[in-house]
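These notes are about the structure you will find just below.
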Amino acid sequence: MSDEQSFFTDGAAYERLMGRWTVRVGEVFLNWLALPRGLRWLDVGCGNGAFTELLIARTAPAAVEGLDPSASQIAYAKTRPGTRLAHFREGDAQALPFGNASFDAAVMALVIIFVPDPVKALAEMARVVRPGGAIGAYMWDMTGGTPMEPVRAGLHALGIDVPLPPGAQAAELDAMRSLWKGAGLTGIETRTIEIEVAYRDFEDFWLSNTALPNPATKRIQAMPPAEVEQLRALLRTRVPMDAQGRVAYSARANAVKGRVPK
């Protein structure tokens, strides 16, 4: 299993690292989509259900399908109080197990760069969404905009580079627009969403960003204890911290939306 795949197998750890920030971006994203209530939704790459729960709370959908390749993430999603309306299943974004025009809207929240073939996945989303239906996505700006950027920057300062996921370029606004255009979608729009990422103190920041297996934390786990302490000390001097010890900084995501032609 690759680092990118193992990143998505622990629902609880993912919730601490990324789930809450998924929701903050998702709130802005759903307002931007501006779709009516009572629709049939597909959440592709639903993960631990953080965005699915928000989607249900904010849009009062008629039905929601959540699809993800990770059985453990699906199991976590099913435990959320706000996801009872949703039906979750394991599946591949590149081969959606639904009939043509089954949904009014389909979305990907923090997923697109981890799909091996995003062109194929988007074609599948366009197939299962009805003519006139909406397709949208958002993903962290991988060029310095992710919630984990302070950790990556700290590692880089120590001479340790953590490569971006192979599909990172798919998160760029121009790439997103090109993907949507290539799929034949209409009314395409893109935007950047900026949020505040905040932790109650440095320990909360450190534990949240090192609890889940991913490329950066695997590098940290392989470091000698003295180097780990050096990284911690460096980050203490670098992350923005107020007089009460609260850590807060900005993260940004890129978003895209379009319509299936009528």
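Looking at the range 115-130, can you tell me whether even one residue there is under 18 Å from Glu53 (Cα atoms), in a loop (DSSP other than H, G, I, E, B) and in contact with a helix residue (DSSP H, G or I) (Cβ under 9 Å, 6 or more places away or on another chain)? Let's see the steps before the verdict.
Just the residues of the range 115-130 that are under 18 Å from Glu53 (Cα atoms), to begin with: none.
Within the range 115-130, none of the residues are under 18 Å from Glu53 (Cα atoms), in a loop (DSSP other than H, G, I, E, B) and in contact with a helix residue (DSSP H, G or I) (Cβ under 9 Å, 6 or more places away or on another chain).
Scanning the range 182-200 for residues that are at pLDDT 95 or above and not β-branched (Val, Ile, Thr) gives Gly182, Ala183, Gly184, Leu185, Gly187, Glu189, Arg191, Glu194.
Could you grab me the full set of residues in the range 16-49 that are out of contact with any strand residue (DSSP E or B) (no Cβ under 8 Å at 6 or more places or on another chain) and at pLDDT 60 or above? Before the answer, list the steps.
The first filter runs over the range 16-49 and keeps only residues out of contact with any strand residue (DSSP E or B) (no Cβ under 8 Å at 6 or more places or on another chain), leaving 16-20, 23, 27, 30-31, 34, 36-38, 48.
Correct list: Met18, Gly19, Arg20, Val23, Glu27, Leu30, Asn31, Ala34, Pro36, Arg37, Gly38, Asn48.
Please verify whether the range 244-251 includes one or more residues that are at negative phi, among the aliphatic types (A, V, I, L, M) and out of contact with any Pro (no Cβ under 8 Å at 6 or more places or on another chain). No: zero hits. Of Arg238, Arg246, which residue is surrounded by 12 or more Cβ atoms within 10 Å (Cβ to Cβ) and touching a residue at least 60 places away in the same chain (Cβ under 8 Å)? That would be Arg238, the only listed residue that is surrounded by 12 or more Cβ atoms within 10 Å (Cβ to Cβ) and touching a residue at least 60 places away in the same chain (Cβ under 8 Å).
Of all residues in the range 196-211, those satisfying the criterion of being in contact (Cβ under 8 Å) with a residue 60 or more places away in the chain, crowded, with 17+ Cβ neighbours inside 10 Å and of a type outside the set (Gly, Ala, Ser) are Val197, Asn209. Restricting the range 48-68 to residues that are touching an Asp or Glu at 6+ places or on another chain (Cβ under 8 Å) and within 12 Å of Gly26 (Cα to Cα), the residue that is surrounded by the fewest Cβ atoms within 10 Å (Cβ to Cβ) is Arg58. The number of residues in the range 75-110 being in contact (Cβ under 8 Å) with a residue 40 or more places away in the chain, under 20 Å from Arg259 (Cβ atoms) and part of a loop (DSSP other than H, G, I, E, B) comes to 4. Within the range 221-233, the set of residues being at pLDDT 90 or above and outside any loop (DSSP other than H, G, I, E, B) comprises Pro225, Ala226, Glu227, Val228, Glu229, Gln230, Leu231, Arg232, Ala233. When the range 33-53 is filtered for residues that are among the aromatic types (Phe, Trp, Tyr) and closer than 24 Å to Met148 by Cβ, only Phe51 remains.
Each residue in the range 57-74 was checked for being touching a helix residue (DSSP H, G or I) at 6+ places or on another chain (Cβ under 6 Å), in a helix (DSSP H, G or I) and either closer than 20 Å to Pro118 by Cβ or of a type in the set (A, V, I, L, M, F, W, C) (or both), and 2 of them qualify.
Scan the range 156-196 residue by residue and report those that are among the hydrophobic types (A, V, I, L, M, F, W, C), part of a loop (DSSP other than H, G, I, E, B) and within 16 Å of the chain's Cα centre (by Cα). Leu164 - this is the single residue of the range 156-196 that is among the hydrophobic types (A, V, I, L, M, F, W, C), part of a loop (DSSP other than H, G, I, E, B) and within 16 Å of the chain's Cα centre (by Cα).
The values are calculated or read from the model by the stated rules, or taken from the named source; none is laboratory data. Please read all numbers here as calculations on a predicted model, not as lab measurements. Cβ atoms come from the backbone with ideal geometry, glycine included; neighbour counts cover every protein chain shown.
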